[in-house]
Structure formats: structure tokens, C-alpha cells
1. Near the amide H of V4, under 5 Å away, which other amide H atoms are found, from residues 5 or more places off or on another chain, if H is placed in the peptide plane?
2. Would you pull out the residues with amide H under 5 Å of L166's amide H, same chain only if 5 or more places away, H placed 1.01 Å from N?
3. Calculate one ³J(HN,Hα) per residue across the stretch 167-174 by plugging θ = phi - 60° into the Karplus curve 6.51 cos²θ - 1.76 cosθ + 1.60, and present them in order as whole Hz with x for glycine and proline.
4. About the Cα centre, and with charges only on the beta carbon of Lys, Arg (+1) and Asp, Glu (-1), how big is the dipole of the stretch 1-73? Nearest 20 debye, please.
5. For the stretch 34-145, what is the relative contact order in percent, using Cα pairs closer than 8 Å and at least 6 residues apart in sequence?
6. Treat every Asp and Glu Cβ in the chain as -1 and every Lys and Arg Cβ as +1, leave all other atoms uncharged, and give the resulting dipole magnitude about the Cα centre to the nearest 20 debye.
7. What residues have an amide H closer than 5 Å to that of V225, excluding those fewer than 5 places away on the same chain, when H is modeled at 1.01 Å from N in the peptide plane?
8. Taking the Cα centroid of the stretch 39-92 and of the stretch 1-24, what is the distance between the two, rounded to the nearest whole Å?
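Bear in mind these aren't lab numbers, they're just calculated from the coordinates by the rules spelled out. These figures come from a predicted structure and were not determined experimentally. With ideal geometry, Cβ positions are generated from the backbone for all residues, glycine too; neighbour counts draw on all protein chains shown.
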Amino acid sequence: SALVEFDGVSKRYADGTRALDELKLSMPRAQFCVVLGPSGAGKSTLLRMLNGLTRPDEGDIRFDGVTLTTARLRQQRSRIGSIHQHYGLVGRLSVLDNVLCGLLPRMGLLRSMTGAFSDEQRRRACRALADAGLDENQLYRRADELSGGQQQRVGIARALMCDPQLILADEPVASLDPRISRDILGLLRNTVHEQGVAVLCTLHQVELALEFADRIVGLRLGRVVFDGVPSEFDAAA
Ligand code: ADP
Ligand code: ADP
């Protein structure tokens, strides 16, 4: 069955803006799906709904076969990781501590408040960082001392700590130069294909989507105007 399903989802903001218009979209597991569209197309609204930050006015969103509801959101969100344009790290914490923070949504409140991570959890965080291409001698550096590309690698390692079924990537390379952007998108694509996690990623550069996506969803004014593989997108363009 699909991992994510949007079924007739509409969202109109208080000022009347129609951000999503009866959106229908089904996403399987282990797919690198890129959402492309001009500013205002509804891309962030789409991602925010899976985060629980915005609720649909109409329609149904299912995650792993179960309708997303406010009541179930905490549990469902624990299997959804996120990465962000500005990385979202805690700058004065170490790289390793930032990655350990990725475990918090799956830990009990009391244990997370004591901040006591087990040796096994630390080993896992180190492995996740190594898999993300971070050098061992970076582990104890402050996160804000790293370059943007390195910070995004830390963000990816942190997102993977919750054993996600889905990673939401909101403009993950918008602040990076083209070469580093390709490194990061390559890492995300490998993560999808090696670990079976699905990635839903917004981009605004068509050429990067063509190069890395398994599937492109073109969004315009809250509607899907293209849905297919990159080679078809090329032909349509
Ligand atoms: P994108 O991420 O593709 O730029 P958004 O989802 O941010 O698109 O926005 C879609 C539309 O909804 C835009 O017209 C935007 O101005 C509007 N919008 C987004 N968030 C809000 C909000 N909280 N209140 C009112 N309008 C909003
Ligand atoms: P809800 O899902 O509870 O309706 P919204 O996602 O619509 O919440 O956002 C809550 C409020 O944030 C909106 O009513 C709006 O006033 C404000 N807001 C956030 N982003 C924008 C934006 N880009 N333009 C206008 N208002 C915004």
C-alpha cells in the first residue's frame, strides 16, 4: 500500500488564498519524490500538512494507511523526519548532540529530559554521521562551526535517527552552491535506495530535480500539473 496519500486535499488560508486545490497524490515507499513549482505553488503547505503544522480544510491525508489526525499525530510524526533549508541545528551544541536530538521524539519525556543517552545510542549516532559523510574529527565541534553542506549532512543524520519511513526535505539545498547541492541530493538519493526510506523534497531548480529525482510532481497554484519520471518531464518541457 502507499506510504502517503493525499485524497482531495484543499487548503484555503484566512485571506482567501487557495494554497492546495483538491490535491490528489499517492507516494510509495522508498521513492525520492521531488515537488517542483514556482514560489506560491503550495509546496510548503503540502509538506507542512505531513508535519501536522497545517490542517486540510477538506480531504483526507493518510500516512502508512492511517488517516492523519490531531490525536494520532504525535505517534505518526515519530516516523517522519525533517530536514530544512537552514538546517535547523542547535548551533552551540556539538554535532553528535545534535544527532542524538533526533532520538527525542521516540523517547519517553522523562528519559529525554535527563538527556541520558546510552552508549548504543551514541554508537548509532556516530554511524549515522559516518554514513552521512561526516568525518569523525567533527563529532565534538559546535554545529555552527561547520560549513552549510556539512550542517545539512548532520541534519540528514539527525532525521534518520527516528528510523523514519519518510523524510520531509523543504528546500534542503536552497542555501548551498551547485556542487554541494549535488552532494547533498546524491546522499538523499542513496539513502532512499539503500535504506528504503521515502523522501519528499521540494526544490526550485528543475535541473537538479531532473538529475536526482525518481519522480517529479509539478505543482502550480495548488494543483498537480505534472506527475511522472524525469525523462517525461524533460519531454513535456
Ligand atoms: P510554496 O512553498 O510553493 O512557495 P506555499 O505553500 O508557501 O507555497 O504557499 C502557497 C500559497 O499560500 C501562497 O499564495 C502563499 O502566499 C499562501 N500562504 C502560505 N501560507 C499562508 C498562511 N499561513 N496564510 C495565508 N496565506 C498563506
Ligand atoms: P490553520 O491551519 O490553523 O488555519 P494556518 O496554517 O492557516 O493555520 O496559519 C495560521 C495563521 O498564521 C494564519 O491565520 C495567518 O494569519 C498566519 N500566517 C502564516 N503565514 C502567513 C503568510 N505567508 N501570509 C499570511 N498569513 C500568514
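1. M27, D64
2. Here G81, A198 satisfy the definition.
3. Per residue, the Karplus-derived 3J(HN,Hα) values read 10, 8, 10, 8, 6, x, 10, 5 Hz.
4. The dipole magnitude comes to about 220 debye.
5. 26 percent
6. About 740 debye.
7. G218, L219, R220
8. First find each Cα centre; the distance between them is then 13 Å.
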